[in-house]
Amino acid sequence: MARAEVPDRPPGEVLVMGAGTIGCFVGGSLAAAGVPVTFVGRPRVLQGLAEHGLALSDLEGGMHRLPAASLRLSEQVPVGAMPALVLLCVKSGATAAAAAELAFALPAGTLVLSLQNGISNCAAASRVGPTLQVLPGMVPYNVAEIGPGAFHRGTAGRLAAQDDAALRPWLPVFARAGVPLDLFPDLLPVQWGKLLLNLNNPVNALSGLPLRDELLQRGYRRCFAALIDEALGVLGSAGIAPAQVAAVPAQRLSAVLRLPDWLFRLVAARMLRIDAKARSSMADDLALGRRTEIDALSGEVVRLAQDQDLEAPRNARMFALLEEWPAQPRRWTARQLQDALGL
Ligand SMILES: NC(=O)c1ccc[n+]([C@@H]2O[C@H](COP(=O)([O-])OP(=O)(O)OC[C@H]3O[C@@H](n4cnc5c(N)ncnc54)[C@H](OP(=O)(O)O)[C@@H]3O)[C@@H](O)[C@H]2O)c1
């Protein structure tokens, strides 16, 4: 794992493709550290930035404000742009379209770092944008949009990416900007480690509850644990050892999740230190009628199982429930969800 050592000048300009929650937070942090950053995004978000500027806060009490006039905002990848680094920050379902735009507008060989959840975004972007140099990345923390142009990092962690010589000059820049980035020779175990944690997202979305309230019900935690266990079985068969991304290894997390509520409150006090209103962004996607990233979560588990002539019925069921939700929106109790997963 390579780490930043000496602060340095940015190797060039950055373009954020998909100025949403992660794009504004990571790109905004770089901009606050003096990196020239262009934010490519949708009118709704850009309008907020143009009116209010960018305000970045974090759980350690850090705060940056960038005045609106200092922000470079664009609804499209600007013609003639030559960024040294693109941060690909769209949701998984928008990857192909975003990569096509990038490949059309940017010079061959442009470095693109995917800061997306899931396993296959990098491959999907490379398929439609073969001229781009796309590397996988992983964001371990949670960022929420708390107002127009205001983004808050609510948990801790360091960004991770696949090691590549082209990324190394950026390490001191990311470190100085307060978004430290570590490089790994193989990011796949790290991506799977993160994916296991994200298997709570569909449980949370279907519960209709804030994260904390959902995690305080053993029935929902048993669903989350069952999805993790199934994924661990599939990963074991595929010879992939997921990296530890949370405070405890996934196997231990699964055991902790199954504890009775009173004991879970004691053992997982740190995990429960969540804003009382915080929800998974998948819950927001359902509420707003947007396509969820279930294909990049449970969908990946199901595909990895199929690759080995195995099945992952619980993740497949979760996938189906999320896909069916827009036609039959409803809030699932913990008992109903356990029944649906055969628990
Ligand atoms: N938020 C977190 O805490 C967090 C943490 C770790 C990882 N992640 C991952 O990071 C990725 C981004 O998540 P997010 O929460 O930042 O999503 P987000 O808030 O929805 O931001 C993505 C933004 O990009 C826009 N967009 C999509 N295609 C575009 C295009 N072609 N040109 C310009 N803008 C485009 C989207 O608009 P539309 O809505 O119109 O498509 C949206 O405004 C996801 O893979 C997510 O799983 C998120």
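The values are calculated or read from the model by the stated rules, or taken from the named source; none is laboratory data. Just so it is clear, the structure is predicted and the values come from calculations on it, not from any experiment. Positions of Cβ are generated from backbone atoms using ideal geometry, with glycine treated the same way; all protein chains shown enter the neighbour counts. When the accessible area is computed, the model is the full protein with side chains, heavy atoms only, and any ligands, DNA or RNA have been set aside. Shrake-Rupley method; radii C 1.70, N 1.55, O 1.52, S 1.80 Å.
Results, tabulated for the structure shown:
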read-out	value
Counted residues, region 157-170 - those being open to solvent by 10 Å² or more (accessible area, probe 1.4 Å) and outside any strand (DSSP E or B)	8
Residues (of a type in the set (Lys, Arg) and either at pLDDT 95 or above or surrounded by 14 or more Cβ atoms within 10 Å (Cβ to Cβ) (or both)) located in region 37-64	Arg42
Checking Pro242 against (1) part of a loop (DSSP other than H, G, I, E, B); (2) free of Cβ contacts under 8 Å to residues at least 24 places away in the same chain, the condition it does not meet	(2)
Where a residue in region 28-44 is in contact (Cβ under 8 Å) with a residue 60 or more places away in the chain and more than 9 Å from the ligand (Cβ to nearest atom) and its partner, wherever it lies, is open to solvent by 10 Å² or more (accessible area, probe 1.4 Å) and among the charged types (D, E, K, R), with Cβ under 6 Å and at least six apart	Ala33/Arg176
Candidate set: region 104-118, residues that are away from the ligand (no atom under 12 Å from the Cβ) and open to solvent by 20 Å² or more (accessible area, probe 1.4 Å); chosen: the one nearest to the chain's Cα centre (by Cα)	Gly109
So Glu230, is it within 15 Å of Leu195 (Cα to Cα) and either at pLDDT below 95 or not aromatic (Phe, Trp, Tyr) (or both)	yes
Counted residues, region 123-156 - those being closer than 21 Å to Ala278 by Cα, open to solvent by 40 Å² or more (accessible area, probe 1.4 Å) and more than 9 Å from the ligand (Cβ to nearest atom)	4
Extreme residue, farthest from Leu297 (Cα to Cα), among residues of region 172-193 that are open to solvent by 20 Å² or more (accessible area, probe 1.4 Å) and in a loop (DSSP other than H, G, I, E, B)	Gly178
Enumeration of residues in region 194-221 that are free of Cβ contacts under 8 Å to residues at least 60 places away in the same chain and either surrounded by 23 or more Cβ atoms within 10 Å (Cβ to Cβ) or within 15 Å of the ligand (Cβ to nearest atom) (or both)	Leu196, Leu197, Glu214, Leu215, Arg221
Residues that are closer than 13 Å to Gly41 by Cβ and aliphatic (A, V, I, L, M), drawn from region 52-79	Leu54, Leu71, Leu73, Val77
Output for region 308-322, where each listed residue is open to solvent by 60 Å² or more (accessible area, probe 1.4 Å) and out of contact with any helix residue (DSSP H, G or I) (no Cβ under 7 Å at 6 or more places or on another chain)	Asp309, Pro313
Listing of strands (runs of 3 or more DSSP E) fully contained in region 8-69 that carry 2 or more residues being under 12 Å from Cys89 (Cβ atoms) and not acidic (Asp, Glu)	14-17, 37-40
Among (1) open to solvent by less than 30 Å² (accessible area, probe 1.4 Å); (2) within 11 Å of the ligand (Cβ to nearest atom), the one test that Ala97 misses	(1)
Residue selected from region 47-64 under the condition aliphatic (A, V, I, L, M) and under 21 Å from the mean Cα position of the chain (by Cα), by the criterion farthest from Gly23 (Cα to Cα)	Leu59
Conditions (1) over 17 Å from Arg221 (Cβ atoms); (2) among the aliphatic types (A, V, I, L, M); (3) crowded, with 16+ Cβ neighbours inside 10 Å; number of the one not met by Leu253	(1)
Segments classed as helices (runs of 4 or more DSSP H), wholly inside region 246-340, with at least 2 members that are modelled with pLDDT of 95 or more and under 19 Å from the mean Cα position of the chain (by Cα)	298-307, 313-324
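Here is a yes/no grid of residues against (1) surrounded by 23 or more Cβ atoms within 10 Å (Cβ to Cβ); (2) closer than 27 Å to Gly53 by Cβ; (3) under 22 Å from the mean Cα position of the chain (by Cα):
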| site | (1), (2), (3) |
| --- | --- |
| Leu66 | no, yes, no |
| Leu73 | no, yes, no |
| Gln76 | no, yes, no |
| Ala81 | no, yes, no |
| Leu88 | yes, yes, yes |
| Gly93 | no, no, yes |
| Asn121 | yes, no, yes |
